[in-house]
1. Gly35 fails exactly one of the following numbered conditions: (1) more than 21 Å from Arg96 (Cβ to Cβ); (2) in contact with a strand residue (DSSP E or B) (Cβ under 6 Å, 6 or more places away or on another chain). What is the number of that condition?
2. State all residues of the stretch 43-66 that are at pLDDT 85 or above, in contact with a Gly (Cβ under 9 Å, 6 or more places away or on another chain) and under 21 Å from Ile131 (Cα atoms); if no residue qualifies, say none.
3. So Tyr128 passes all but one of these: (1) crowded, with 16+ Cβ neighbours inside 10 Å; (2) closer than 14 Å to Phe30 by Cβ; (3) among the aromatic types (Phe, Trp, Tyr). Which condition number does it fail?
4. Would you check if there is a residue in the stretch 111-119 being farther than 21 Å from Cys138 by Cβ, in contact (Cβ under 8 Å) with a residue 24 or more places away in the chain and out of contact with any Leu (no Cβ under 6 Å at 6 or more places or on another chain)?
5. Check off (1) closer than 18 Å to Ala41 by Cα; (2) in contact with a strand residue (DSSP E or B) (Cβ under 9 Å, 6 or more places away or on another chain); (3) of a type in the set (Ser, Thr, Tyr); (4) surrounded by 14 or more Cβ atoms within 10 Å (Cβ to Cβ) for Tyr62 and give me the number that stays unchecked.
6. Which numbered condition trips up Pro148, out of (1) surrounded by fewer than 20 Cβ atoms within 10 Å (Cβ to Cβ); (2) out of contact with any strand residue (DSSP E or B) (no Cβ under 7 Å at 6 or more places or on another chain); (3) touching a residue at least 60 places away in the same chain (Cβ under 8 Å)?
7. Given the structure, is Gly91 buried (at least 17 other Cβ atoms within 10 Å of the Cβ), among the small types (Gly, Ala, Ser), within 16 Å of Ala45 (Cα to Cα) and out of contact with any His (no Cβ under 9 Å at 6 or more places or on another chain)?
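The values are calculated or read from the model by the stated rules, or taken from the named source; none is laboratory data. Only a predicted model underlies this, so the values are computations on that prediction, with no experimental measurement involved. Here the Cβ positions follow ideal geometry from the backbone for every residue, glycine too, while neighbour counts run over all protein chains shown.
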Amino acid sequence: MGRCGITYQVDGRATRLSTVDARHARELTFRPWPGLPTDAAPLIAAGLVSLPGMTTITDLVYDSRSSHVPGLKRQGFDLRHDGGQQIQIRGCEPHRLPVQVQAPDIRAGAALLIASLAREAKTELTNYAQIQRGYEDCIRDLQQIGFPLRRVTAPLVPAGATA
């Protein structure tokens, strides 16, 4: 990651990413051990969506780990997926309109949550149960470090009823 202008620091269980030169084009390749772990690709992508410059992410493990891309685009970030293993991110300011996105799976949902923290507008994230499966109490943890999040539980609608 250092070769592409990103530095990182591991402190216990936390990893902090920062950039040396935001104009530097970044290319990250996720691969089997000992490479960058493919499970982290959506989360790192979410952390890079508002960073100026171009980032290319290539996942050599999965052909199409991209379920986070539509939700990030909906939030106003500029991403392109080639339909295969590569995603290009052009860092930008997201639009300021409220938006609703759905967590399609654990990591993609966590990526959408991370990206929403960079937005000034309201983001409503549905299907939060997907994220809870892998990141217990992450809303509480993010609130404790100052992010203005709240969890809203929708009322249950009986099967066959209309809303």
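1. (2)
2. Leu48, Val49, Ser66
3. Among (1) crowded, with 16+ Cβ neighbours inside 10 Å; (2) closer than 14 Å to Phe30 by Cβ; (3) among the aromatic types (Phe, Trp, Tyr), the lone unmet condition for Tyr128 is (2).
4. Checking the stretch 111-119: not a single residue is farther than 21 Å from Cys138 by Cβ, in contact (Cβ under 8 Å) with a residue 24 or more places away in the chain and out of contact with any Leu (no Cβ under 6 Å at 6 or more places or on another chain).
5. Going through the list (1) closer than 18 Å to Ala41 by Cα; (2) in contact with a strand residue (DSSP E or B) (Cβ under 9 Å, 6 or more places away or on another chain); (3) of a type in the set (Ser, Thr, Tyr); (4) surrounded by 14 or more Cβ atoms within 10 Å (Cβ to Cβ), Tyr62 breaks only (4).
6. With (1) surrounded by fewer than 20 Cβ atoms within 10 Å (Cβ to Cβ); (2) out of contact with any strand residue (DSSP E or B) (no Cβ under 7 Å at 6 or more places or on another chain); (3) touching a residue at least 60 places away in the same chain (Cβ under 8 Å) applied to Pro148, the lone miss is (3).
7. Yes.
Condition check ((1) modelled with pLDDT under 85; (2) crowded, with 18+ Cβ neighbours inside 10 Å; (3) under 25 Å from Cys138 (Cα atoms); (4) over 13 Å from the mean Cα position of the chain (by Cα)) across all residues:
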residue: Met1; (1), (2), (3), (4): yes, no, no, yes
residue: Leu28; (1), (2), (3), (4): no, yes, no, yes
residue: His68; (1), (2), (3), (4): no, yes, yes, no
residue: Asp82; (1), (2), (3), (4): no, no, no, yes
